[in-house]
Amino acid sequence: MAPCVTICRSVDRAHPDRAVIADAARRLRAGELVVFPTETVYGLGAHAFDAVAVARIFAAKGRPSTDPLIVHVVDADGLGQLARDVPAAAHALAARFWPGPLTLVLHKRPEVPGIVTAGLDSVAVRVPAHPVARALLVAAGVPVAAPSANRFSRPSPTTAAHVLKDLDGLVDLVIDAGPTDIGVESTIVDCTVRPPVVRRAGGVPFDVLAEVVPDVRVADTVTDVHEAQVAPGQLLRHYAPDARLTVYTGTPAAVVARLASDARAHVGRGSRVGVLAPEDDLMALAPEVAAAAARGRVVVASLGPRHDPAAAARVLFGALRMLDGERVDVIIASGPARHGLGAAVWDRLRRAAEGRVIPV
Ligand code: TXA
Ligand code: MG
């Protein structure tokens, strides 16, 4: 696609500069691409009813046209122009979790351009909570189609620096409001089927969803390690760093022992190794790899305390990008506890590892 000059504007997270927001809104209405922060990750936005602008999203990301986008609106009233026959379960989920990190898949209205939904008869809708996203949606006055603002299959961006690394010269404006809050994308619940099905684990944990819709189910695609592409956008290779990544799962002692022996083997072969793990594992591992780390052969990235999966969610994508920046040849990893946001973190780890999740 034709390169453009990317402007980057910093704003205060809680009180974004009105002139910046007004300019961004004008650009969206005029068919330009505007990157904005949400509470999950940065989004690459375009006017959802402008099919030409939406086509530019796919070109900028290098995203296949078979992968549908999420449409962002300022509140549940915005559903009317996008969706039809909204079931009671969807209304209940919207009432409880919007604004917030939840996306609902609903029957689409014919007016929504087919390019937004990859030709599907359904549309994904989300009401973000981030004050900058909200200010932008209010000022734009139109629904905004926005995937995560990364090049296709790269880790999602949680800072404006991540966005610029992938999309400088490919988007018109980036609004920088610092790091995002949650760090993994929204939970996607398909409400076109009964009972509703979770298509992607994300910012709203499953057990919290089930408080509102007790019969909600998890799609096989969210849990099955060996499934390739079964739902739109659920490619197994996703969020992938450049280096080949392998994740180990098991008791902490067994995982640490495996990380240590793997690290030694890779260093012995002359490779530079990235270790991505909860800080508990890294501390246990430190004496084993200290010498190699001192020589720069081992680079560690912490996912925070094992029993704080929300901390892992916040830093995961940044850690993957950091290890790429360090040009490690291979990454070995372990993950946090699986409760709460842990399910979403493990889903991203599994995809970053292209399914290489090895029990030890
Ligand atoms: O947190 C988020 O959801 C972020 C921020 C920017 O809002 N957005 C995001 O978008 O993660 P993206 O494009 O990276 O992921 C969108 C995914 C698609 O890959 C697909 O799996 C699902 O949403 N999706 C979109 N429309 C769908 C539909 N009609 N039916 C089923 N899944 C759909
Ligand atoms: Mg994405």
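Figures for the structure shown
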{"item": "Candidates 101, 37, 3, 16, filtered to the one that is crowded, with 24+ Cβ neighbours inside 10 Å and more than 16 Å from ligand 2 (Cβ to nearest atom)", "result": "16"}
{"item": "Identity of the residue in region 300-344, in contact (Cβ under 8 Å) with a residue 40 or more places away in the chain and at positive phi, that ends up nearest to the chain's Cα centre (by Cα)", "result": "340"}
{"item": "Members of region 268-292 that are at pLDDT 95 or above, assigned to a helix (DSSP H, G or I) and not small (Gly, Ala, Ser)", "result": "279, 280, 281, 282, 283, 285"}
{"item": "Within region 17-46, considering residues that are over 23 Å from the mean Cα position of the chain (by Cα) and in a loop (DSSP other than H, G, I, E, B), the one farthest from residue 141 (Cα to Cα)", "result": "17"}
{"item": "Selected residue (only one of 148, 153 is at pLDDT below 95 and within 18 Å of the chain's Cα centre (by Cα))", "result": "153"}
{"item": "Residue 290 vs. criteria within 24 Å of residue 261 (Cβ to Cβ) and not basic (Lys, Arg)", "result": "yes"}
{"item": "Some residue of region 167-190 being part of a loop (DSSP other than H, G, I, E, B), modelled with pLDDT under 95 and either more than 30 Å from residue 297 (Cβ to Cβ) or more than 18 Å from the chain's Cα centre (by Cα) (or both)", "result": "no"}
{"item": "Test: residue 140 is more than 13 Å from ligand 1 (Cβ to nearest atom) and more than 26 Å from residue 313 (Cβ to Cβ)", "result": "yes"}
{"item": "From the options 181, 172, residue that is more than 23 Å from residue 105 (Cβ to Cβ) and touching a Leu at 6+ places or on another chain (Cβ under 7 Å)", "result": "172"}
{"item": "Scan of region 243-256 for residues that are closer than 23 Å to residue 355 by Cβ and in a helix (DSSP H, G or I), ordered by number", "result": "252, 254, 255, 256"}
{"item": "Selection from region 192-223 of residues that are closer than 19 Å to residue 355 by Cβ and outside any loop (DSSP other than H, G, I, E, B)", "result": "199, 200, 218, 220, 221, 222, 223"}
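The values are calculated or read from the model by the stated rules, or taken from the named source; none is laboratory data. In this text, all values refer to a predicted model and were calculated from it rather than measured experimentally. Every residue, glycine as well, gets a Cβ built from its backbone with ideal geometry; the counts of neighbours run over all protein chains shown.
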